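Visitor: One structure follows; several queries about it will come next.
The values are calculated or read from the model by the stated rules, or taken from the named source; none is laboratory data. If you're wondering where the values come from, they're calculated on a predicted model, not measured in any experiment. Every residue, glycine as well, gets a Cβ built from its backbone with ideal geometry; the counts of neighbours run over all protein chains shown. All accessible areas refer to the heavy atoms of the entire protein, side chains included, with ligands and DNA or RNA removed. Shrake-Rupley method; radii C 1.70, N 1.55, O 1.52, S 1.80 Å.
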Amino acid sequence: MSVRKKPIKKVTFRINEMLVAIISVYILLVSLQMWLLFGTINKALDKENLDFAAYSAIGSVVIFLCTLFFLRYVPDIPTGQIKKSEEENDNAY
C-alpha cells in the first residue's frame, strides 16, 4: 500500500507564506517603535511634554519585547545540514 505524500512545492509555499506574514508584522512593529523613539527624543529635547516622552519610551520598550517574543515563531529553515542532536540519536543504537 503506497502512501501519497504532499508535494514539496506546496509545503515550501506555506512556509514562505508564514515567513512573509511574520516579516510583515516585524516591519510594522519596528516602524512603530522607530516612530515612538523619534517622538521620545523630540519631546525630551523640548523639555515641555516630558510625560509624552516617558509614555512613548515605555511603549517602545513594550514593542521591543513583543518583537523578541514573536521571534520564536520564525521556523528553522532547512539547510540540508544535520544538526548535532540528530547525529547523536543516529549513533545511539
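Visitor: When the range 39-76 is examined, which residues are found to be of a type in the set (Val, Ile, Thr) and either open to solvent by 100 Å² or more (accessible area, probe 1.4 Å) or assigned to a helix (DSSP H, G or I) (or both)?
Guide: Hits for the range 39-76 are 40, 41, 58, 61, 62, 63, 67.
Visitor: If you don't mind, another one. Is there any pair linking a residue in the range 42-57 that is of a type in the set (Phe, Trp, Tyr) to one that is open to solvent by 50 Å² or more (accessible area, probe 1.4 Å), with Cβ under 9 Å and at least six apart or on different chains, and which?
Guide: Listed pairs, sorted by first residue: 52/43.
Visitor: Something else about it: Out of the range 24-38, which residues are aliphatic (A, V, I, L, M) and open to solvent by 90 Å² or more (accessible area, probe 1.4 Å)?
Guide: 27, 28, 34 - these are the residues of the range 24-38 that are aliphatic (A, V, I, L, M) and open to solvent by 90 Å² or more (accessible area, probe 1.4 Å).
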